[in-house]
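*Asks:* Following this message is one structure expressed as structure tokens.
The values are calculated or read from the model by the stated rules, or taken from the named source; none is laboratory data. Because the structure is a prediction, the values reported are computed rather than measured. Ideal geometry is used to build each Cβ from the backbone, glycine not excepted, and the neighbour counts take in all protein chains shown.
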Amino acid sequence: MTTNLLEFDLDALIAFCERLGEKRFRATQLFRWIHQRGAKDFGAMSDLAKSLREKLQGCARIEALPVISEHVSADGTIKWLFDVGDGNAVESVFIPEDDRGTLCVSSQAGCAVGCRFCSTGHQGFSRNLTSGEIIAQLWFAEHALRTRLQTSERVISNVVMMGMGEPLQNYAALVPALRIMLDDHGYGLSRRRLTVSTSGVVPMMDRLAQDCPVALAVSLHAPNDALRDNLVPLNRKYPIHELLDACNRYLEHAPRDFITFEYCMLDGVNDQPEHAQQLIDLVQPTRGPGIRCKFNLIPFNPFPASGLLRSPQHRVLAFAKLLNDAGIVTTVRKTRGDDIDAACGQLAGDVKDRTRAAERMAKQRTIVLKPIT
Ligand code: SF4
């Protein structure tokens, strides 16, 4: 069996080349061919010695993920469904904007966290992706877009680890993939333009701060533990005060001087003025340091199994105004790719649920979240 070189960050590729008796700079050349030029064929890597190309052909490969489908939205958003084997598929979404191109990348086939408002969570969990499967999404998207736009310039300027899965529950594969994204010989993204989103895996937030500090987004979605226990079940393990302490520790290492809190607006559940006030009290306590943060309010994308509805726009705007008036920078996320089910929380892919999470969530639905009337 040959080795898929998409699995390797530059250090690992150097070690691999050294085992083949090659110098370090050869690994850097090879890395640039793979990630900067999108090459798959060793024979085309014209500045590598013929002897190295022959060695690589015998023991290595550059294997992308098969694309099952591609959907292009009227607003230019593109969603790809990739086959990751054993009946599982994951999704990536490209969101073009005037000043940037953002790719939303998946880290797991399914997700074990099981947030109430998330299609992925309702699918259950199958397995972690490997580093190569994470980076293959960016590798494919970047080079497919360059070909489509007939450019040799970089198209994807930002990556958000906000697709399917909880990235910090797949830490060992995540970090090498992040390093490839950041590497100047790879995709050359700045740490500020690479965002990991977490539902609050506190010990791994501390590790990420040490190992690979990039921008951090935290899926908060509720202003108190009682509500968050229901919406984001991981809260029972790492309640809000522990999460906020971890955010403050992270900020000591982060490339940005604030944490982004994601807050999905659910009709009658977490969108009332008292919830906004509780959030203000949480991040700007009368005692204690508080936390430097921004809020991103996300219009919920309803799906039948959730039993939840989108907050009306006037309530979202009123909620945003309360936070902004308190001095907390708050934006309302534009929904993109609605027509192709690519909007936030809609990524469902195709997951062989090995945890029976979907079954458990269906049972939970009957006992939680009575909307406020
Ligand atoms: S919101 Fe994120 S952590 Fe929660 S179930 Fe969905 S993918 Fe998992």
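*Asks:* Going through the stretch 161-176 one residue at a time, which ones are in a helix (DSSP H, G or I) and without any contact (Cβ under 8 Å) to a residue 60 or more places away in the chain?
*Replies:* The answer is Leu168, Tyr171, Ala172, Val175.
*Asks:* Oh, and also: Any idea which of (1) surrounded by 20 or more Cβ atoms within 10 Å (Cβ to Cβ); (2) within 21 Å of Gly188 (Cβ to Cβ); (3) not basic (Lys, Arg) is the one Ala109 doesn't satisfy?
*Replies:* Going through the list (1) surrounded by 20 or more Cβ atoms within 10 Å (Cβ to Cβ); (2) within 21 Å of Gly188 (Cβ to Cβ); (3) not basic (Lys, Arg), Ala109 breaks only (2).
*Asks:* Hey, another quick one. Considering only the stretch 83-100, state which residues are surrounded by 20 or more Cβ atoms within 10 Å (Cβ to Cβ) and more than 16 Å from the ligand (Cβ to nearest atom).
*Replies:* Restricting attention to the stretch 83-100, the residues satisfying the condition of being surrounded by 20 or more Cβ atoms within 10 Å (Cβ to Cβ) are 84, 88-95.
Listed by number, the residues that qualify are Phe94, Ile95.
*Asks:* Now for a separate question. When Glu153 is evaluated against the numbered criteria (1) among the acidic types (Asp, Glu); (2) farther than 27 Å from Pro304 by Cα; (3) touching a residue at least 60 places away in the same chain (Cβ under 8 Å), which criterion, by number, is the only one it fails?
*Replies:* Checking Glu153 against (1) among the acidic types (Asp, Glu); (2) farther than 27 Å from Pro304 by Cα; (3) touching a residue at least 60 places away in the same chain (Cβ under 8 Å), the one that fails is (3).
*Asks:* Given the structure, is Ala215 more than 12 Å from the ligand (Cβ to nearest atom), modelled with pLDDT under 95 and not charged (D, E, K, R)?
*Replies:* When the stated conditions are applied, Ala215 does not pass them.
*Asks:* Taking only the stretch 128-174 into account, find how many residues are surrounded by fewer than 19 Cβ atoms within 10 Å (Cβ to Cβ) and of a type in the set (D, E, K, R).
*Replies:* 4
*Asks:* Among the numbered criteria (1) within 16 Å of the ligand (Cβ to nearest atom); (2) within 23 Å of Ala12 (Cβ to Cβ); (3) outside any loop (DSSP other than H, G, I, E, B); (4) among the small types (Gly, Ala, Ser), which one does Ser126 miss?
*Replies:* Result: Ser126 passes all but (2).
*Asks:* Just wondering, is there one or more residues in the stretch 107-121 that are away from the ligand (no atom under 16 Å from the Cβ), outside the structural domain of Asp11 (by TED's automatic domain parsing) and assigned to a helix (DSSP H, G or I)?
*Replies:* no
*Asks:* Anything in the stretch 42-90 that is part of a helix (DSSP H, G or I) and not polar (S, T, N, Q)? List them, or say none. Full working, then the answer.
*Replies:* First, pick out the residues of the stretch 42-90 that are part of a helix (DSSP H, G or I): 42-44, 50-59.
Answer for the stretch 42-90, where residues must be part of a helix (DSSP H, G or I) and not polar (S, T, N, Q): Phe42, Gly43, Ala44, Lys50, Leu52, Arg53, Glu54, Lys55, Leu56, Gly58, Cys59.
*Asks:* Oh, and also: Quick check on Arg236: is it away from the ligand (no atom under 16 Å from the Cβ), surrounded by fewer than 20 Cβ atoms within 10 Å (Cβ to Cβ), over 19 Å from Leu297 (Cα atoms) and not hydroxyl-bearing (Ser, Thr, Tyr)?
*Replies:* no
*Asks:* Within the stretch 293-352, work out how many residues are at pLDDT below 95 and part of a helix (DSSP H, G or I).
*Replies:* Of the residues in that region, 6 qualify.
Each row is one residue, and each column tells you yes or no for (1) closer than 16 Å to Ile180 by Cα; (2) in the same structural domain as Leu129 (by TED's automatic domain parsing); (3) surrounded by fewer than 19 Cβ atoms within 10 Å (Cβ to Cβ).
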| position | (1), (2), (3) |
| --- | --- |
| Phe8 | yes, no, no |
| Phe16 | yes, no, no |
| Leu20 | no, no, yes |
| Arg24 | no, no, yes |
| Thr28 | yes, no, yes |
| Arg37 | yes, no, yes |
| Asp41 | no, no, yes |
| Ser51 | no, no, yes |
| Lys55 | no, no, yes |
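*Asks:* Let me ask something additional. Can you name the number of the only condition in (1) part of a loop (DSSP other than H, G, I, E, B); (2) surrounded by 20 or more Cβ atoms within 10 Å (Cβ to Cβ) that Thr286 fails?
*Replies:* (2)
*Asks:* Here is a follow-up. Look through Ala173, Ala177 and report the one residue that is among the small types (Gly, Ala, Ser), under 16 Å from the mean Cα position of the chain (by Cα) and within 16 Å of the ligand (Cβ to nearest atom).
*Replies:* Answer to the selection: Ala173.
*Asks:* Please go through the stretch 57-74 and give me each residue that is surrounded by 16 or more Cβ atoms within 10 Å (Cβ to Cβ) and within 30 Å of Lys334 (Cα to Cα), ordered by number.
*Replies:* Residues satisfying the conditions are Leu65, His71, Ser73.
*Asks:* Taking the stretch 241-259, which residues are closer than 23 Å to Phe319 by Cα and surrounded by fewer than 19 Cβ atoms within 10 Å (Cβ to Cβ)?
*Replies:* His241, Phe258, listed by residue number.
*Asks:* Check Val218, Val269 and return the single one that is under 18 Å from the mean Cα position of the chain (by Cα), of a type outside the set (Gly, Ala, Ser) and at negative phi.
*Replies:* After ruling out the rest, the residue left standing is Val218.
*Asks:* Leu20 - would you say it is in contact (Cβ under 8 Å) with a residue 24 or more places away in the chain and over 30 Å from Thr335 (Cα atoms)? Spell out the reasoning first.
*Replies:* Details: in contact (Cβ under 8 Å) with a residue 24 or more places away in the chain: yes; over 30 Å from Thr335 (Cα atoms): yes.
Yes.
*Asks:* For the stretch 141-160, state whether one or more residues are at pLDDT 95 or above, within 16 Å of the ligand (Cβ to nearest atom) and either of a type in the set (Asp, Glu) or part of a loop (DSSP other than H, G, I, E, B) (or both).
*Replies:* Within the stretch 141-160 (the criterion being at pLDDT 95 or above, within 16 Å of the ligand (Cβ to nearest atom) and either of a type in the set (Asp, Glu) or part of a loop (DSSP other than H, G, I, E, B) (or both)), the answer is no, since none of the residues qualifies.
*Asks:* Then there's this: Considering only the stretch 182-198, state which residues are more than 11 Å from the chain's Cα centre (by Cα) and within 16 Å of the ligand (Cβ to nearest atom). Let's see the steps before the verdict.
*Replies:* In the first step, residues of the stretch 182-198 are kept if they are more than 11 Å from the chain's Cα centre (by Cα); the result is 182-193.
Of everything in the stretch 182-198, nothing turns out to be more than 11 Å from the chain's Cα centre (by Cα) and within 16 Å of the ligand (Cβ to nearest atom).
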